[in-house]
1. Quick one: which of Gly137, Gly62 is without any contact (Cβ under 8 Å) to a residue 40 or more places away in the chain and in a loop (DSSP other than H, G, I, E, B)?
2. Out of all the residues in segment 391-412, which are charged (D, E, K, R) and surrounded by fewer than 23 Cβ atoms within 10 Å (Cβ to Cβ)?
3. Quick one: Tyr231 ticks every box in (1) surrounded by 15 or more Cβ atoms within 10 Å (Cβ to Cβ); (2) part of a loop (DSSP other than H, G, I, E, B); (3) of a type outside the set (A, V, I, L, M, F, W, C) bar one, so which box is it?
4. Output the residues belonging to segment 422-443 that are charged (D, E, K, R) and either closer than 16 Å to Glu403 by Cα or without any contact (Cβ under 8 Å) to a residue 40 or more places away in the chain (or both).
5. Say we look at segment 170-183 and pick out the residues that are out of contact with any Ser or Thr (no Cβ under 9 Å at 6 or more places or on another chain) and closer than 17 Å to Pro156 by Cα; which of these is surrounded by the fewest Cβ atoms within 10 Å (Cβ to Cβ)?
6. Select, from Ala319, Ala288, the only residue that is under 16 Å from the mean Cα position of the chain (by Cα) and free of Cβ contacts under 8 Å to residues at least 60 places away in the same chain.
7. Taking the stated definitions as given, is Gly326 open to solvent by less than 20 Å² (accessible area, probe 1.4 Å) and either outside any strand (DSSP E or B) or over 24 Å from Leu65 (Cα atoms) (or both)?
8. Would you say Ala446 is among the aliphatic types (A, V, I, L, M), open to solvent by 40 Å² or more (accessible area, probe 1.4 Å), in contact (Cβ under 8 Å) with a residue 40 or more places away in the chain and not in a loop (DSSP other than H, G, I, E, B)?
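The values are calculated or read from the model by the stated rules, or taken from the named source; none is laboratory data. The model shown is predicted, which means the values in this text are computed figures rather than measured ones. Cβ: placed from backbone, ideal geometry, glycine included. Neighbour counts: every protein chain shown. All accessible areas refer to the heavy atoms of the entire protein, side chains included, with ligands and DNA or RNA removed. Shrake-Rupley method; radii C 1.70, N 1.55, O 1.52, S 1.80 Å.
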Amino acid sequence: MHRRRWLQAASGLAATPLLLPSLAKAGAGATVLPTSDEGPITIGSRRELFVDRFLIDRLDGGVSLDLERPRDEGIALPFDRPWEGAFCGYATVLKDGDRYRLYYRGLPQAGADGSAVEVTCTAESPDGLRWEKPELGLFEVDGTRANNVVLADMPPFSHNFCPMIDPRPGVPADERYKALAGTRQTGLCAFASADGYRWRRLDDGPAITAGAFDSQNVPFWSEHEGKFLCYFRIFADGYRQVARTSSDDFLHWSEPERMTFGGAPLEHLYTNQTSPYVRAPHLYIAIAARFMPGRRVISPEQAEAIGVDPSYFGDCSDAVLLSSRGGSSYDRTFMEGFLVPGIGPENWVSRTNYPALNVVQTGPHEMSFYANQNYGQPTSHLRRYSLRLDGFARVRAGYGGGELITHPITFSGRRLSLNFETSAAGAIRVEIQEPDGRPIPGFSLADAVETIGNEIDRAASWAGGEDVSALAGRPVRLRFSLKDASLYAMQFIA
């Protein structure tokens, strides 16, 4: 790992665009770039998304790194059962084989955290689009067992019960599903399940004891770091912030580390929703709920008209996009809202627009995340939002064109696959350079074939074809020339 470059990306120093003169065209007189004694960034065959400036050395000619805006796909699941209600929250979406699982807190009336009224509910889907609530018959709630409740009568654990699937080979069958839950009074306790319905405690005492634990505490197995991680809320410097801890066995956890935000202004992050991105698990994506305490938008008359609980319209919130490449640092390249509240007073109440945990693929070209809406109202529900695959953010050039130059990298593979879009008049061309910026013969901009269209996976090519394997393992730079085009991700593949 290239420590200085990683620290720059993590600290936000790399978040300032470097607008430098364009490279000269291939051939005599080409501009020579300075080389670095840090050595190249090894990306191997990883998919790299442009959600930060980790790979970016230069953006030139009006090229920008822009945050995408999710598409509102409507209500995914109404919280309409008697044991669910206006205060459902802290949802988690899991993809298990060809099925999707949803977990969330059921709470029909406001009360103290961890009350006996809280239950943990589930729903299922074949595609992440259409959801059904199974009648499991596990607990009697409101006089019936015909319900979708997987945990009840265990306060305070239904307040923020947060499951995960353990993907490691050889995991005992009855521990394939794991979860953490608890409050400051109990600490976070570990649970396990074979089927995701019937849960048991893994230990008598808490697994994690230092934290606020009064919102969602999110665990996952990190393939990138080779251990379990849990991200949870703390209070520091007058703000709701985030800490993380790690474990080899889900029962014994390290001392928490406070996450840093790269020098960005502190904001209240109510939930962090950090998880590995499924198509690039070395990259953690966090769609965090940004809470604005005391920032009241709607009037008492509007609040009464939508039926919101009187205690829940004095604040507002949206969601922001953070990323991390491991360790105790978030990148905050984007301070702008990612999920912006919709039109209507119902979207501007306290604790609405809170994202569910995890982003899942819901189509050949689409991914989805979900968010609580209309909190504290009779119309409370979970809503789905979609994006193109890898499309959290993009490198964008207008009609006038521009360039992106990467830091020196090393790769493995035979093809350079791009996730991109252009207009009918637009195009992307790729030049492969020596670390000092000299074009490599056969891979210069003059040799590059225009990439035109809108695809998730298209190989860049040159006059000699797509094969770049002769350059694998040696330090190179990539120069992307874009005209009326967007670049979402890149990957060297076999």
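1. Details: Gly62 fails: without any contact (Cβ under 8 Å) to a residue 40 or more places away in the chain.
None of the other options fit; the residue is Gly137.
2. Residues of segment 391-412 that are charged (D, E, K, R), as a first pass: 394, 396, 403.
Answer for segment 391-412, where residues must be charged (D, E, K, R) and surrounded by fewer than 23 Cβ atoms within 10 Å (Cβ to Cβ): Arg396, Glu403.
3. (2)
4. Taking segment 422-443 first, the residues charged (D, E, K, R) are 429, 431, 434, 436, 438.
Listed by number, the residues that qualify are Arg429, Glu431, Arg438.
5. Just the residues of segment 170-183 that are out of contact with any Ser or Thr (no Cβ under 9 Å at 6 or more places or on another chain), to begin with: 170-173, 180, 182-183.
Filter once more, keeping what is closer than 17 Å to Pro156 by Cα: 180, 182-183.
On the way: Leu180: 28, Gly182: 25, Thr183: 20.
Only one residue fits best here, namely Thr183.
6. Details: Ala288 fails: free of Cβ contacts under 8 Å to residues at least 60 places away in the same chain.
None of the others qualify; the one that does is Ala319.
7. Details: open to solvent by less than 20 Å² (accessible area, probe 1.4 Å): yes; either outside any strand (DSSP E or B) or over 24 Å from Leu65 (Cα atoms) (or both): yes.
For Gly326, the condition - open to solvent by less than 20 Å² (accessible area, probe 1.4 Å) and either outside any strand (DSSP E or B) or over 24 Å from Leu65 (Cα atoms) (or both) - is met.
8. no
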